[in-house]
1. List pairs: first residue in the stretch 9-24 and in contact (Cβ under 8 Å) with a residue 12 or more places away in the chain and farther than 16 Å from Asn154 by Cβ, second residue of a type in the set (Asp, Glu) and open to solvent by 40 Å² or more (accessible area, probe 1.4 Å) anywhere in the structure, Cβ distance under 6 angstrom, at least six positions apart or on different chains.
2. Say whether the condition of being among the small types (Gly, Ala, Ser) and at positive phi is met by at least one residue in the stretch 63-73.
3. Restricting attention to the stretch 133-156, which residues are surrounded by 14 or more Cβ atoms within 10 Å (Cβ to Cβ) and over 13 Å from the mean Cα position of the chain (by Cα)?
4. All but one of (1) among the hydrophobic types (A, V, I, L, M, F, W, C); (2) modelled with pLDDT of 95 or more; (3) open to solvent by 40 Å² or more (accessible area, probe 1.4 Å) hold for Ala160; which doesn't?
5. All but one of (1) in a helix (DSSP H, G or I); (2) more than 22 Å from Leu114 (Cα to Cα); (3) free of Cβ contacts under 8 Å to residues at least 12 places away in the same chain hold for Gly31; which doesn't?
6. When you go through Ala73, Ala82, Ala52 one by one, which is the residue that is part of a helix (DSSP H, G or I), free of Cβ contacts under 8 Å to residues at least 40 places away in the same chain and open to solvent by less than 70 Å² (accessible area, probe 1.4 Å)?
7. If you go through the stretch 14-28 one residue at a time, do you hit one that is open to solvent by less than 40 Å² (accessible area, probe 1.4 Å), over 27 Å from Trp113 (Cα atoms) and not in a helix (DSSP H, G or I)?
8. Name every residue in the stretch 108-156 that is without any contact (Cβ under 8 Å) to a residue 12 or more places away in the chain, assigned to a helix (DSSP H, G or I) and closer than 23 Å to Thr66 by Cα, in order of residue number.
Amino acid sequence: VFHYAPGRGAEHARALLEGYTGILQCDGYAGYKSLAAPKDGGEGATLAYCWAHVRREFIDLIKDDTAPIAEEALRRIAALYAIEDTVRGKPPDLRRATRRARSRPLVADLFAWLERQLARLPGGSPTAKAIRYALNHRDGLVRFLDDGRIELDNNAVERAIRPLVLSRK
């Protein structure tokens, strides 16, 4: 669904999705977090975050100069995408089984590695910021591992709305 709103305020997302209790695949925009089901259960959306947005944080770091941590993060994320290429379009049960067997260990290793890298970096560095983005969205990023209906990213939607977004200026 693409719904235009005159701003990025959380009130627009709440108005559109009030009462929605399914999966909401989205970027890390804070406005969506108010729609999430409470940790103790209860009503709300299940947020599944986009790995492409995590990836973009690291791509921005390697544009200007050598950034070995960013390059390694991208290599690890690329391995997840390679697995997804083998299950794209397959039934959810097969996707979930493949992800549990092949992607889950890679995701666990990636997050452990990111935590180790963050401990070594100055807190205000751009690399630390990119790592914190991934770590702060971990719950929604790992959700694809246990639900074969969830995509690794929301790029299909972003590509579909790109002409609308580009022409709004």
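The values are calculated or read from the model by the stated rules, or taken from the named source; none is laboratory data. What you see is a predicted model; the values in this text were computed from it and never measured. Heads up, the Cβs are rebuilt from the backbone with ideal geometry, glycines too, and the neighbour counts pull from every protein chain shown. Please note that ligands, DNA and RNA were not included when accessible areas were found on the heavy atoms of the full protein model with its side chains. Shrake-Rupley method; radii C 1.70, N 1.55, O 1.52, S 1.80 Å.
1. Matching pairs, first to second residue: Thr21/Glu43.
2. No, every residue in the stretch 63-73 fails to be among the small types (Gly, Ala, Ser) and at positive phi.
3. Answer for the stretch 133-156, where residues must be surrounded by 14 or more Cβ atoms within 10 Å (Cβ to Cβ) and over 13 Å from the mean Cα position of the chain (by Cα): Asp147, Gly148.
4. (2)
5. For Gly31, the exception is condition (3).
6. That would be Ala82, the only listed residue that is part of a helix (DSSP H, G or I), free of Cβ contacts under 8 Å to residues at least 40 places away in the same chain and open to solvent by less than 70 Å² (accessible area, probe 1.4 Å).
7. yes
8. Selection gives Ala112, Arg116, Ala119, Arg120, Ala128.
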